[in-house]
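The values are calculated or read from the model by the stated rules, or taken from the named source; none is laboratory data. If you're wondering where the values come from, they're calculated on a predicted model, not measured in any experiment. Note that each Cβ is placed from the backbone with ideal geometry, even for glycine, and that neighbours are counted across all protein chains shown. Protein only, heavy atoms only, side chains kept; ligands, DNA and RNA dropped before computing areas. Shrake-Rupley method; radii C 1.70, N 1.55, O 1.52, S 1.80 Å.
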Amino acid sequence: MKIAIMGAGSVGGYYGGILKKEGLDVTLVCRGTHREAISSRGLIIKSHWGNFNIMIPSEEDPNNIGKVDLIIFTPKLYSNYIAIPQMEPLIHSKTTIITIQNGVSSHKQLSDYFGIDKVIPAATYIESEILEPGVIQQKGSTAIIEIGEINKGHSDRLNKIYSLLSSKYLKIIISEDIILSLWNKMISIGSVGTIMTSFRSSFMEVMELQNGEEILRGTMREIFNVGRSIGVNLDENIIEEKINDLKKEGDDITASLQTDFTNNKPLEIDFILGYVVDLAKEKGISCPYSTTLVASLDKYKKGTINEKNP
């Protein structure tokens with residue numbers, strides 16, 4: 001099977017590197033100094049399970065790769081309008097696209113463009129960062145991709161992907177209801193990441209504020225209500241369970257939105273909590289916490305404004 005990793009940054013680069021290490025035919029699609037370093041000295045992975053340096057093909061232009069059987073799609077959400085059309089040279093009649101992005105909507109964008117039969121939505125759980133061009137650090141004992149068919153249920157292609165991608169470096173989970181899984185994740189990332197970024201604080205610093213937990217709980221409840229309004233069967237206990245789990249993790253909690261903000265990069269806010277706010281407006285649901293948080297980051301979402309010199 002021929003595999004392309006589209007948008008091979010910290011997450012896609014990690015997955016591409018470990019799949020190549022497992023002997024699969026993988027090409028990374030990335031650019032800039034990151035790709036130059038990978039081309040010249042290989043991809044360096046530092047992980048919970050050990051470190052390695054592996055030579056792996058990388059291309060900036062998908063036209064140079066040819067048709068592939070599987071695409072793991074990992075760009076930032078704001079890049080989709082560019083990245084999705086760029087994949088056309090990679091697609092043949094049986095190509096499958098696994099979309100590993102934040103939020104709950106990217107599978108719809110891909111399905112609208114390539115057809116629902118080509119797309120597998122996925123949620124990923126991993127902490128990784130690019131330490132320097134060509135060097136990716138994965139932290140902790142979790143590297144999970146949860147996959148599922150849009151119309152629910154198991155399928156032969158899910159089973160094949162499970163067998164192909166599973167390793168000690170990567171756990172694959174097959175979800176019976178991947179849309180529910182994505183919304184379960186949205187309750188965490190839509191609230192925690194946005195609050196930490198808006199308050200310029202760690203998770204525990206937020207929780208120590210006089211009304212910090214109330215803001216977190218209220219934002220989670222709003223996401224829950226919007227998900228329920230479109231038929232997602234979210235469990236009533238999910239908010240308390242998530243808050244209890246988050247408190248156990250404490251200051252180890254990181255958020256990609258906050259990392260991008262700190263590094264003055266564009267923010268995915270419009271496609272994560274902003275997407276929930278837009279849905280809430282359509283459904284006539286009040287979301288004061290979420291609306292305020294999204295508005296607080298609006299002028300920073302292009303990553304071009306320095307906070308000290310607005």
Check your understanding: At what distance in nm do the modelled label points of I285 and I150 sit from each other, each positioned 7 Å from its Cα along Cα→Cβ?
Key -> 2.1
Point to revise | For the chain, calculated [θ]222 nm from helices alone, where every DSSP H run of n ≥ 4 adds -39500 (n - 2.57) | key: -12000 deg cm²/dmol
Practice item. Return the aspartates and glutamates within reach of K94: Cα separation strictly under 15 angstrom, same-chain partners fewer than 8 residues apart disregarded; answer none if there are no such residues. Key: D69, D117, D156
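Can you give me the % of accessible surface on the range 132-208 that is carbon or sulfur? Probe 1.4 Å, all protein chains present, nothing else counted.
Details: 1580 of 3140 Å².
Carbon-and-sulfur percentage of accessible area, whole number: 50.
Given 0.36 nm per residue, what is the gain on full extension from E240 to E60 after removing their alpha carbon distance, in nm?
Numbers: separation 180, 0.36 × 180 = 64.80 nm, distance 4.39 nm.
Here the answer is 60.4 nm.
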Check your understanding: Taking 0.36 nm per residue of separation and subtracting the Cα-Cα distance, what length does fully extending K299 through R31 add?
Key -> 93.8 nm
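Enter the accessible area per residue of the chain (Å², integer; probe 1.4 Å; all protein chains in place). Could the numbers behind the result be given before it?
Values: 14230 Å² over 310 residues.
Roughly 46 Å² per residue, with all protein chains present.
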Point to revise | Residues listed by number, the range 41-76, amide nitrogen under 12 Å from L131 label point at 7 Å toward C-beta | key: 44-48, 50-53
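What's the ranking of 152-159, 188-195, 285-292 by average number of surrounding C-beta atoms within 10 Å, highest first? Before the final figure, lay out the partial values.
Details: 152-159: 12.8, 188-195: 25.1, 285-292: 17.2.
Order by mean packing, descending: 188-195, 285-292, 152-159.
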Revision key, fill the gap. For the range 112-121, Karplus-derived ³J(HN,Hα) couplings (6.51, -1.76, 1.60; θ = phi - 60°; whole Hz; x for glycine and proline) come out as 5, 8, 10, x, 5, 5, 8, 10, 10, x
Check your understanding: Working out 0.36 nm times the residue gap between D117 and N263, then minus their Cα-Cα distance, what length gain in nm do you get to one decimal?
Key -> 48.8 nm
Exercise for review: Would you mind checking the pairs K20/K152; K152/K247; K248/K283; K76/K118; K2/K185 and listing those with alpha carbons more than 27 angstrom apart?
Suggested key: K20/K152; K152/K247; K248/K283; K2/K185
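Report the relative contact order of the range 99-242, percent, no decimals, based on alpha-carbon pairs under 8 angstrom and at least 6 residues apart.
Working: 176 pairs, mean separation 26.4, N = 144.
This gives 18 percent for the range 99-242.
N233 to E213: FRET efficiency via 1/(1 + (r/R0)^6), r the Cβ-Cβ distance, R0 25 Å, to the nearest 0.05? Spell out each step's value before the answer.
Details: r = 26 Å, r/R0 = 1.04.
Efficiency, rounded to the nearest 0.05: 0.45.
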Check your understanding: Tell me, what is the percent relative contact order of the chain, built from C-alpha pairs under 8 Å that lie six or more residues apart?
Key -> 14
